[in-house]
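The values are calculated or read from the model by the stated rules, or taken from the named source; none is laboratory data. This one's a predicted model, so the numbers in the text were calculated from it and none came from an experiment. We place every Cβ from the backbone using ideal geometry, glycine too, and count neighbours over all the protein chains shown.
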Amino acid sequence: MAGKIVINIERCKGCGLCVAVCPKGGIVISKQSNKSGYFPAEKNNSACTGCASCAIICPEAAIEVYREQDILNKPHKETTPDLVKGKK
Amino acid sequence: MMQKVFSKPQALKDCPTHYCPGCGHGIAHRLIAETIDELGIRGRTIGIAPVGCAVLAYDYFDVDMVEVAHGRAPAVATGMKRTNPDKIIFSYQGDGDLAAIGTGEIIHAAHRGEQITVIFINNAVFGMTGGQMAPTTILNQVTTTTPLGRDASKQGYPLQVSELLTLLPGTIYIERCSLHKPALIRNAKKAIKHAFELQLNNAPGLSLVELLSPCPTYWRMTPVKAIEWMENEMTKVFPLGRLKG
């Protein structure tokens, strides 16, 4: 596991943008609602690379991203998934 | 050993927003807050909230904020900057605020070359009042006041304020960015930071960053469909890129 996300489910409104942009299919919408009645995002698998695409598009700033220390020290290009490079 | 690489910026208060799910205002707020944090100007920044969906922005930013009359943010910013030249003044305005009722204010503030930063949120619709046509509504877009789609012969063409302002010598930096893909959001962050840096360095003139932003509720789409619509339709009418500076 190279990265990890922590979703603040009480802030999340379940818009699903993070689900759409995750290059690893690592996020799904939960079947359990939060206190506000929204169905929040939750982790789906452990393929996270810590690219932070989900956190960057999250309108609620509800996602925190952690990344493995040794990956952070590698050159940027090797660790950045295709989506973040700005190509369709 | 895991290291935190992304979390909520300090300049954003820890409270849930009132925005609809998938609204771009939250992303724009976060980018501005990140910029304020990175430049270390939280103590000397004054923001101006618009009338529109972002009217409660003063509840979300942890900097000094004022709320002004509809469209008058550049006029108030002028006074604030002239009396407090060491403060960093930014106005946060939607398309109804800046491109409709406040067109006179923004054009004259830009014309006078006021040293302020304007963040212009363009979602092609009036959000707060219920999804009516805005000047920036694109052709054939359905709104509550154009139920058959905007028709150029009846309602005219979408207003491209940013292109309009590039003609004025008082503006120094104008860029149009979008909030529909992570890569473009990174670009938007760079643009906002550049606009703030220009003001920090006392560059003579007004800097404006236009952010195309999704409004899933009044486009009547899911948030994911809304970002696809932005990619396919909206960016054709409002091409992205640096327009001036």
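Yes/no per residue for (1) buried (at least 16 other Cβ atoms within 10 Å of the Cβ); (2) facing chain A (nearest Cβ under 9 Å); (3) hydroxyl-bearing (Ser, Thr, Tyr):
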| position | (1), (2), (3) |
| --- | --- |
| B:4 | no, yes, no |
| B:7 | no, yes, yes |
| B:10 | no, no, no |
| B:19 | yes, yes, yes |
| B:27 | yes, yes, no |
| B:30 | yes, yes, no |
| B:36 | yes, no, no |
| B:47 | yes, no, no |
| B:54 | yes, no, no |
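For residue B:58, only one of the following conditions fails: (1) at pLDDT 95 or above; (2) out of contact with any Lys or Arg (no Cβ under 9 Å at 6 or more places or on another chain); (3) surrounded by fewer than 24 Cβ atoms within 10 Å (Cβ to Cβ). What is its number? Exception for residue B:58: condition (1).
State all residues of segment B:83-102 that are assigned to a helix (DSSP H, G or I) and in contact (Cβ under 8 Å) with a residue 12 or more places away in the chain; if no residue qualifies, say none.
Of all residues in segment B:83-102, those assigned to a helix (DSSP H, G or I) come to B:83, B:95-101.
Selection gives B:95, B:96, B:97, B:98, B:99, B:100, B:101.
When residue A:11 is tested against (1) among the charged types (D, E, K, R); (2) surrounded by fewer than 20 Cβ atoms within 10 Å (Cβ to Cβ); (3) closer than 13 Å to residue B:22 by Cα, only condition (2) is not met.
The helices (runs of 4 or more DSSP H) falling completely within segment B:132-245 that include 2 or more residues that are under 22 Å from residue B:20 (Cβ atoms) map to B:182-200, B:216-219, B:223-229.
Taken over segment B:114-142, the criterion of being in contact (Cβ under 8 Å) with a residue 40 or more places away in the chain and touching a strand residue (DSSP E or B) at 6+ places or on another chain (Cβ under 6 Å) is satisfied by B:114, B:116, B:117, B:118, B:119, B:120, B:121, B:122, B:126, B:136.
Going by what's in this entry, would residue B:83 be described as of a type in the set (S, T, N, Q) and buried (at least 24 other Cβ atoms within 10 Å of the Cβ)?
Details: of a type in the set (S, T, N, Q): yes; buried (at least 24 other Cβ atoms within 10 Å of the Cβ): no.
Taking the combined requirement at face value, the residue does not satisfy it.
Between B:75, B:69, the distinction of being closer than 29 Å to residue B:158 by Cβ and either in a helix (DSSP H, G or I) or within 14 Å of chain A (Cβ to nearest Cβ) (or both) belongs to B:75 only. Just for segment A:1-55: of the residues that are β-branched (Val, Ile, Thr) and within 21 Å of residue B:227 (Cβ to Cβ), which one is nearest to the other protein chains (Cβ to nearest Cβ)? Across segment A:1-55, the extreme among qualifying residues is A:21. The set of residues in segment B:103-131 that are of a type outside the set (S, T, N, Q) and assigned to a loop (DSSP other than H, G, I, E, B) comprises B:113, B:114, B:116, B:124, B:125, B:127, B:128, B:130, B:131.
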